[in-house]
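Below: one structure, written as structure tokens.
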Amino acid sequence: MSKSTLELLGNNEVKITFTISSENFEKGIQKAYLDNRSRVDIQGFRKGKAPRQIVEKMYGAEFYHEDGLNNVLPEAYGKAIEEHELNIVSRPNINVVSSTKEDGVVVEATVFVKPEVTVKDYKGVEIEKVEEKILAKDVNKKLEEEAEKNSRTEEVKRGVKVKDIVNLNFEGFVDGEAFEGGKGENFDLTIGSNTFIDTFEDQLVGLKAGEEKEVNVTFPKDYGQANLANKKAMFKVKINTVKTKTLPKIDDEFAKDFSEFETIKEYKASIKKELQVAKKETAKRERENKIVEKLIEKTKFDIPEAMIENQVDNHIRDYAQQLKSQGLELEMYLEYMGQTIESLREVYKVDAEKQVRGRLILEAISKAENFEIKEEEVDKELTRISEVYKMPIENLKKAMRPEDIEGLKADLKTQKALELLVSTVKEI
């Protein structure tokens, strides 16, 4: 006999109605009494020693009902979910229809579930060709970067030129008032790097060490600090030093000095090989993204807003952790940048929806293909994870809960779906 009923409300929303028996409700109430009796003080009894009947007589028969229901509701709700094999993606909206000690509790839970997705014609998707070839200019660019790393600087007495490194003091003013974050001393700035806003760097060209100048600029309309956006500002600038950078000549001597090779030809060949490996991996990801984007375009289905919000939560959690590793707190950083959590959520929302849709599509394909994951595949992935986090494999296995293993298997299935898509793709 069914212990609960399921009603489809549309747009991946369902209503589950289930009953908590009077016996289980009583157990929950008794637990609530035992957990809270030390806080009940009734005249004539030592604190915490008043019998439940006395407490209920004084405060009402339903005094422990709310806490009692909270004690037994999660288990009853979980059993109802299992009975209907629902894949829940949001917190439930709980409505208590009726509640008595004699008849138990009737509960309605409205919740969103993961949508059923059907993907058609996913093999042989046509995408724009992804280039994997490494050109001479790519190798030369890498060589120039290496030369830049091994350059030397020397102080000069002439006026500032583009690509010079100037050390300067500056202080910014808006409407005659200095603003927070607008002051710096002994700041090294490469002219032409576009590190500073507007034409700030251009206006320093020609200045010599020791000279001062008032630089006038306008903050961008979309500047991170809202109080400065689109505002005109004046910076008082003093040039402390001017340095020029000299790069080594890229020849055989360069190869001998800064690589393990004797000739520049050998060095270039090595660089090309390294770039090819990196390019292949980048092209793989680009190819996968293009295929999934094509499938998102042609596969229409509704997704619960809760799934998008959960993905946004993941992004913000990762971003906060990244900032924390740099010694910054998210709230403080957002305040400095003139942003809020709400504005940050909006920034992440578009990508979050694409990621959710892409994941659902890959899950649907892996289901259609009936992919299975063998234990050796799980072990191989656990080994990879343990190596990444430098954690003994035995410790990792102990830390993994059954649901973590299921999640890992789901990830491996979607990876197989991606591999299938890539193996059948048509690049045009």
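The values are calculated or read from the model by the stated rules, or taken from the named source; none is laboratory data. As the structure is a computational prediction, the values presented were derived from the model and not from experiment. With ideal geometry, Cβ positions are generated from the backbone for all residues, glycine too; neighbour counts draw on all protein chains shown. For accessibility, only protein heavy atoms count, side chains too; no ligands or nucleic acids. Shrake-Rupley method; radii C 1.70, N 1.55, O 1.52, S 1.80 Å.
Below are the figures for this structure:
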| quantity | calculated |
| --- | --- |
| Gyration tensor over alpha-carbon atoms, the stretch 237-365, equivalent ellipsoid semi-axes in Å | 42, 29, 12 |
| Charge dipole (the chain, unit charges on Cβ, about Cα centre) - positive-most of ASN87, SER343, THR246 | THR246 |
| Protein accessible area in the chain, 1.4 Å probe - carbon and sulfur % | 48 percent |
| Isotropically averaged projected area of the stretch 201-266, using the convex hull of Cα atoms (one quarter of hull area), nm² | 8.3 nm² |
| The chain: calculated mean residue ellipticity at 222 nm from DSSP helix runs of at least 4, using -39500 (n - 2.57) | -15500 deg cm²/dmol |
| Order of exposure, largest accessible area first, which applies to LYS183, LYS31, LYS290, LYS57 with probe 1.4 Å | LYS57, LYS183, LYS31, LYS290 |
| LYS232-LYS163 FRET efficiency (beta carbon distance; Förster radius 30 Å; 0.05 resolution) | 0.60 |
| Paramagnetic reach from THR110 in the stretch 75-95 [backbone N under 13 Å; point 7 Å along Cα→Cβ] | 92-95 |
| Protein-only accessible surface order, largest first, of LEU168, LEU418, LEU328 at 1.4 Å | LEU328, LEU418, LEU168 |
| Local electrostatic count, ASN216, Cβ distance below 15 Å [Lys/Arg +1, Asp/Glu -1] | -3 |
| In Å², nearest 10: area of PHE112 left accessible to a 1.4 Å probe | 70 Å² |
| Distance violations [Cα-Cα > 32 Å] among LYS273/LYS426; LYS243/LYS280; LYS120/LYS374; LYS157/LYS272; LYS137/LYS163; LYS149/LYS416 | LYS243/LYS280; LYS157/LYS272; LYS149/LYS416 |
| Sparse-neighbourhood loop sites, trypsin sites (Lys or Arg not before Pro) in the stretch 327-387 - DSSP loop, at most 11 other Cβ within 10 angstrom | LYS374 |
| Prolate/oblate/rounded label for the stretch 19-162 (Cα gyration tensor, a/c 1.5) | oblate |
| In nm, spacing of pseudo-spin labels at THR5 and THR282 (7 Å Cα→C-beta vector) | 6.0 nm |
| Per-pair calculated FRET efficiency, R0 = 22 Å: GLU66 and ILE42 via Cβ, rounded to 0.05 | 0.65 |
| Rounded if a/c under 1.5, otherwise prolate or oblate - the stretch 123-191, Cα gyration tensor axes | oblate |
| Accessible area (Å², per residue) of the chain, counting only protein heavy atoms and a probe of 1.4 Å | 65 Å² |
| Estimated distance in nm for a label pair at GLU145 and ASN186, the labels positioned 7 Å out from Cα along Cα-to-Cβ | 3.1 nm |
| Estimated distance in nm for a label pair at LYS133 and ASP351, the labels positioned 7 Å out from Cα along Cα-to-Cβ | 3.1 nm |
